[in-house]
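The values are calculated or read from the model by the stated rules, or taken from the named source; none is laboratory data. As the structure is a prediction and not an experimental result, all values here were calculated from the model. Note: ideal-geometry Cβ built from the backbone for every residue, glycine included; neighbour counts use all protein chains shown. Note: accessible area is taken over every heavy atom of the protein model, side chains too, but ligands, DNA and RNA are not part of it. Shrake-Rupley method; radii C 1.70, N 1.55, O 1.52, S 1.80 Å.
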Amino acid sequence: MSIDHLQPREEIRKLYENYYQKSPRELDWYRVNCHDKADNVMHFCSPLEHARIIDIGSGPGEVIRELSRRGFGSSFVAADVGESGLAPLRADPFKGLADVVDFDGIHLPFKDQEFDLAILAHVIEHLDHPRIALAEAARVAKYVYVEIPLEFNLKNRRFSDPSAPYELGSTGHINFFNPKLARMLIKSSGYNLVASGVRHFRREVYTFHRPGISGLARFWIKESIHRIAPEFSTNFLNFHFGMVYTRSKNEGTPAT
């Protein structure tokens, strides 16, 4: 199979050419979410080596920018398929940013195990060939953190009509997961699953679009359902799911 055959489809490539050319309000939304993602990276990866970090599918790099602010990591590389994300990062670098590189979804221009930690936060659901990206991340980093939305649930209308054709939405999601499918993707790819778990969004994610009591009520209702019946909640509601994996069977701790 040629490399050209593995390149992103034209409709997907076009989507990401201008993916991050957003309004100020939309950019504020990305910044709110970056705090949430940074929380999750630190929750799962604080016990692991994390001095040298590469963010694959970084967009404008808000997650690693936030990690740098928090003193989590000392050297950072951003990699993304879309120049619309990388351009603002090149124009406004942050402390510890070592490099900004184009990533075609297949190959990264780095040596084996050059990084302590690779981040794939909300990337796998966008990719035509997720296993290739997982393999490349595991090649360049000792540990890989993956975060995905849990959209394979009964509330997702995409699955209500089996005969309906698939239409690419503005989010660009083409792969859908629940916790079992996510874990199986890692395990069936031959990796050691070090840790995994469901993560709820912080309250600010809810109040950004619904300020005041409406947003807080939605947060606490969903939080309560998840605490009372965690497995049931992911069958109906969208949460985030974090996983850490490594190539070695002798590293890390048992998955949770």
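Observations, loosely collected:
- The set of residues in segment 141-158 that are among the charged types (D, E, K, R) and surrounded by 18 or more Cβ atoms within 10 Å (Cβ to Cβ) comprises LYS142, GLU147, GLU151.
- Some residue of segment 83-92 being closer than 20 Å to LEU117 by Cα and among the polar types (S, T, N, Q): no
- Among the criteria (1) over 19 Å from the mean Cα position of the chain (by Cα); (2) open to solvent by 70 Å² or more (accessible area, probe 1.4 Å), the one LYS180 does not fulfil is (1).
- Residues of segment 209-244 satisfying the condition of being over 24 Å from GLU26 (Cβ atoms), of a type in the set (S, T, N, Q) and loosely packed, with under 15 Cβ neighbours inside 10 Å: SER224, ASN235
- Among the residues making up segment 90-140, those that are open to solvent by less than 40 Å² (accessible area, probe 1.4 Å) and on the phi > 0 side of the Ramachandran plot are GLY96, GLY105, HIS122.
- Scanning segment 195-206 for residues that are touching a strand residue (DSSP E or B) at 6+ places or on another chain (Cβ under 7 Å) and without any contact (Cβ under 8 Å) to a residue 60 or more places away in the chain gives a single hit, VAL198.
- Residue identified as free of Cβ contacts under 8 Å to residues at least 60 places away in the same chain and either surrounded by 15 or more Cβ atoms within 10 Å (Cβ to Cβ) or in contact with a helix residue (DSSP H, G or I) (Cβ under 6 Å, 6 or more places away or on another chain) (or both) among ASN192, ASN175: ASN175
- Total residues in segment 49-64, condition within 15 Å of ALA98 (Cβ to Cβ) and either among the aromatic types (Phe, Trp, Tyr) or modelled with pLDDT under 95 (or both): 2
- Pairing each residue of segment 52-72 that is closer than 18 Å to ILE124 by Cβ and open to solvent by less than 30 Å² (accessible area, probe 1.4 Å) with any residue that is part of a helix (DSSP H, G or I) and among the aromatic types (Phe, Trp, Tyr), provided the two are 6+ apart or on different chains, yields C-beta distances under 9 Å for GLY59/TYR30.
- Condition met for ALA164 (more than 21 Å from GLY59 (Cβ to Cβ), among the hydrophobic types (A, V, I, L, M, F, W, C) and surrounded by 14 or more Cβ atoms within 10 Å (Cβ to Cβ)): no
- From PHE152, PHE159, PHE103, PHE177, residue being at pLDDT below 95 and more than 27 Å from HIS43 (Cβ to Cβ): PHE159
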